[in-house]
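The values are calculated or read from the model by the stated rules, or taken from the named source; none is laboratory data. Note that the structure is a prediction, hence the values are computed from the model and not measured. All Cβ positions, even for glycine, are placed from backbone atoms using ideal geometry, and neighbour counts span all protein chains on display.
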Amino acid sequence: MINHLKYLILILLSVFVFSCRVSKKTTTPKNLERIYNPASSSIHPEIKVYNNTDTSSIIVHRIFTKELLFNQANSKNNLQAEVKVIYNLYDLNNKQNLVDSATTTFKYEKNTKSSYHTNDITLRTFVNNKYFLEVITIDLKRKSTQYSYYRIDRTNVYNEQNFLVINKKSNSLKINSFVNNTVPFGIKHYKDDLDSLIVFFYPNDFKTPQPPYIIDSINSDFEIADTNWVCYLDSINYKNFQNEGVYFFSTTNGSKENGFRNGVALYNFGNVFPVVKTPNDLIKPIEYLDSVEIEQYNDSTGKYTKLAVDNFWLNKANNIDKSRELLKIFYNRVMFANKYFTSYKEGWQTDRGMIYIIYGMPDYLFKSGIEEKWIYNSPGIGVGITFTFNFSENPFSINHYVLDREKLKYTGWDEAVQMWNKGEVFYFQN
């Protein structure tokens, strides 16, 4: 009888523990406008998700040392920072029910030689499912919080998250998908032992989105690659990755009949990306304002000069100080668009990047596993605007969203561009 009672108590305790860890609640709408506001938090973690077994995934979480607050409020009296990481995992196949959650606290000793701290956090995921992941990072000393959101797709054996991309210099999982010909990297599938992959290269000449009031959206063509070759994974020739563009590592020959969507994409957008520095890179986003005026700055060499960029903004503002302000704010928006919205093309060149650069940050942002809604709704500026971005299945990126142009009744695009062209920074919130 006593043993039976002990057994019953253990069962009840196990049920209680499990119920504390996982509830059946679903995601609820909340304003997430701060996730694309770099000033909303003192910490800006970098996060990547890999699937590492048939029943688990890894959150690779990196936080920069210079962004943390260190103090001696601890038993050892050492300079120490404390970071709490919370994740909530929602099932996209089941009404976005919460299926897993956990909290972990990390303590970091002050180390001037370490520019960042990286931790791996394991969560439960299962093959054939899709998930929506929320990661909350809290600097406990500074009381600063940052929210991050990611999709996890386990429906394809050879999709991006099933390939482990390794930085061979640090012998650790890469936190991003960027490569060049100077940093050695490795690729392996978490389950299958692959000797080689076929690489398809697509140059970085993707089309810029049209204004939001134009119904026809831009679709990039990946049917025919510029070049392709066999990449042997035990002897990767890094010189093959010096050109800017998309490198798609595929398990097949690239035809749709043979599984065109099987593989992982890595990108080369220049060594300083997401920052834009060269005159040619600085000129490109100006296309949103005035493509005709850009053409006249192209000199006989076919390249733009820094003077051409400066003159463009000086002509807008008619004042050196004002032109500097315009230039600074515009390219800050470009840089953060690259940081937040890059998919298979640079973030400034995506639909979300276009809206972010021209309009600024939204007043309200609601995000789910299938869409984002950006609402600009400040009083005194006429009717509000709602932009809806739908997640788009794409073999080259899991961060690709497309503007739903057919839902737009009013965009305010002409007024916004006109203000920029008059030398004024456009803030919908003003």
Exception for Glu393 within (1) over 20 Å from Ile214 (Cβ atoms); (2) modelled with pLDDT of 95 or more falls at (2)
Go through segment 265-290 residue by residue and tally those that are more than 17 Å from Phe178 (Cα to Cα) and aromatic (Phe, Trp, Tyr).
1
Just one of (1) hydroxyl-bearing (Ser, Thr, Tyr); (2) crowded, with 17+ Cβ neighbours inside 10 Å; (3) farther than 26 Å from Asn111 by Cα trips up Thr53, so point out which.
(2)
What's the number of the only condition in (1) surrounded by fewer than 14 Cβ atoms within 10 Å (Cβ to Cβ); (2) free of Cβ contacts under 8 Å to residues at least 12 places away in the same chain that Lys239 fails to meet?
(2)
Can you pull out the residues in segment 83-102 that are touching a Leu at 6+ places or on another chain (Cβ under 6 Å) and β-branched (Val, Ile, Thr)?
Val99
Which one of the conditions (1) of a type in the set (Val, Ile, Thr); (2) buried (at least 17 other Cβ atoms within 10 Å of the Cβ); (3) not assigned by TED's automatic domain parsing to the domain that holds Ile59 does Thr227 fail to meet, given that it meets all the rest?
(2)
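Going by the structure shown, is Ala73 surrounded by fewer than 13 Cβ atoms within 10 Å (Cβ to Cβ), assigned by TED's automatic domain parsing to the domain that holds Ile59 and hydrophobic (A, V, I, L, M, F, W, C)?
Considered against the rule, which asks whether it is surrounded by fewer than 13 Cβ atoms within 10 Å (Cβ to Cβ), assigned by TED's automatic domain parsing to the domain that holds Ile59 and hydrophobic (A, V, I, L, M, F, W, C), Ala73 comes out as yes.
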Read through the list (1) within 28 Å of His189 (Cβ to Cβ); (2) under 21 Å from the mean Cα position of the chain (by Cα), then give the number of the only condition that Glu67 fails.
(1)
So which pairs qualify, if the first residue must be in segment 63-74 and closer than 18 Å to Asn119 by Cα, the second must be surrounded by fewer than 17 Cβ atoms within 10 Å (Cβ to Cβ) and of a type in the set (Gly, Ala, Ser), the Cβ gap must be under 7 Å, and the two must be at least 6 apart or on different chains?
Phe64/Ser115; Thr65/Ser114; Thr65/Ser115; Glu67/Ser42
Complete set of residues in segment 189-229 that are touching an Asp or Glu at 6+ places or on another chain (Cβ under 7 Å) and more than 29 Å from Asp404 (Cβ to Cβ):
Phe201
Mind counting the residues in segment 222-250 that are in a strand (DSSP E or B) and of a type in the set (A, V, I, L, M, F, W, C)?
6
Identify the single condition in (1) surrounded by 15 or more Cβ atoms within 10 Å (Cβ to Cβ); (2) of a type outside the set (D, E, K, R); (3) touching a Phe, Trp or Tyr at 6+ places or on another chain (Cβ under 7 Å); (4) modelled with pLDDT under 90 that Ser378 does not satisfy, given that it satisfies every other one.
(1)
Conditions (1) modelled with pLDDT of 95 or more; (2) assigned to a loop (DSSP other than H, G, I, E, B) -> Tyr131 fails only (2)
Return yes when Asn111 is outside any strand (DSSP E or B) and closer than 21 Å to Asn399 by Cα and no when it is not.
no
Which of the residues spanning segment 75-105 are under 25 Å from Phe163 (Cβ atoms) and free of Cβ contacts under 8 Å to residues at least 40 places away in the same chain?
Asn93
